[in-house]
Amino acid sequence: MIVDCSCFFCRACYGVLRFVMESGARGCEIIVSGKLRGQRAKSMKFVDGLMIHSGQPRNDYVDQAVRHIVLRQGVLGIKVKIMLPWDPLGKTGPKKPLPDNVTIAEPKEEVIPIGPGSEHKGQSKLDASY
């Protein structure tokens, strides 16, 4: 990801984004809003990886933080969301897998019949053996 941005907050946000993703997160989103340059307030969003936005897994997988920074010109707001990876042990992330996670099981061994055979209707297996 090559970014040519001369503003200080862009370089800081991309540095934080890269650090979070290298630390093992599945996704990260940073939103900076306020008077970034000049008098007019605006908002910038920096996103990388996978981020879920709805449902119960959002409560389990996404950590978020909001901070307000008081500057001379006004208040700068920073929101950070980090999506944690699935961890079966529950140390670095939630124990429950995502609901859309699919695991493919190995097929069972098939029993191959020895030879062609058929049973006549109306006869029991005992009668067929004579």
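The values are calculated or read from the model by the stated rules, or taken from the named source; none is laboratory data. Small disclaimer: the values here were computed from a predicted structure and weren't measured. Neighbour counts are summed over all protein chains in view; Cβ atoms, including those assigned to glycine, are modelled from backbone coordinates with ideal geometry. These accessible areas exclude ligands, DNA and RNA; they are computed on the full protein's heavy atoms, side chains included. Shrake-Rupley method; radii C 1.70, N 1.55, O 1.52, S 1.80 Å.
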Q.
Can you tell me which condition Val47 does not meet? The list is (1) in contact with an Asp or Glu (Cβ under 7 Å, 6 or more places away or on another chain); (2) open to solvent by less than 50 Å² (accessible area, probe 1.4 Å), and all the others hold.
A. (2)
(Q) I need the full set of residues from the range 67-91 which are open to solvent by 100 Å² or more (accessible area, probe 1.4 Å) and either more than 23 Å from Ser54 (Cα to Cα) or at pLDDT 95 or above (or both), in order please. (A) Arg67, His68, Val70, Arg72, Gln73, Lys79, Leu89, Lys91
Q) Pairs, please: C-beta under 6 Å, at least 6 apart or cross-chain, first residue touching a residue at least 24 places away in the same chain (Cβ under 8 Å) and in the range 6-24, second hydrophobic (A, V, I, L, M, F, W, C) and loosely packed, with under 14 Cβ neighbours inside 10 Å? A) Tyr14/Val3
(Q) Condition (residue is of a type outside the set (Lys, Arg) and in a loop (DSSP other than H, G, I, E, B)) applied to the range 25-37: is it met by at least one residue? (A) yes
Q) Does Cys13 fit the bill of being at pLDDT 90 or above, over 29 Å from Asp100 (Cα atoms) and of a type outside the set (Gly, Ala, Ser)? A) yes
Q) Of all the residues that make up the range 92-117, how many are under 17 Å from Gly55 (Cα atoms) and either open to solvent by 100 Å² or more (accessible area, probe 1.4 Å) or in contact with a Ser or Thr (Cβ under 9 Å, 6 or more places away or on another chain) (or both)? A) 5
**Q.** Check on Cys28, touching a Phe, Trp or Tyr at 6+ places or on another chain (Cβ under 6 Å) and either more than 17 Å from Lys79 (Cβ to Cβ) or crowded, with 16+ Cβ neighbours inside 10 Å (or both)
**A.** no
Q | Top-ranked residue of the range 46-89 - restricted to ones that are outside any loop (DSSP other than H, G, I, E, B) and among the polar types (S, T, N, Q), ranked as nearest to Phe9 (Cα to Cα) | A | Gln64
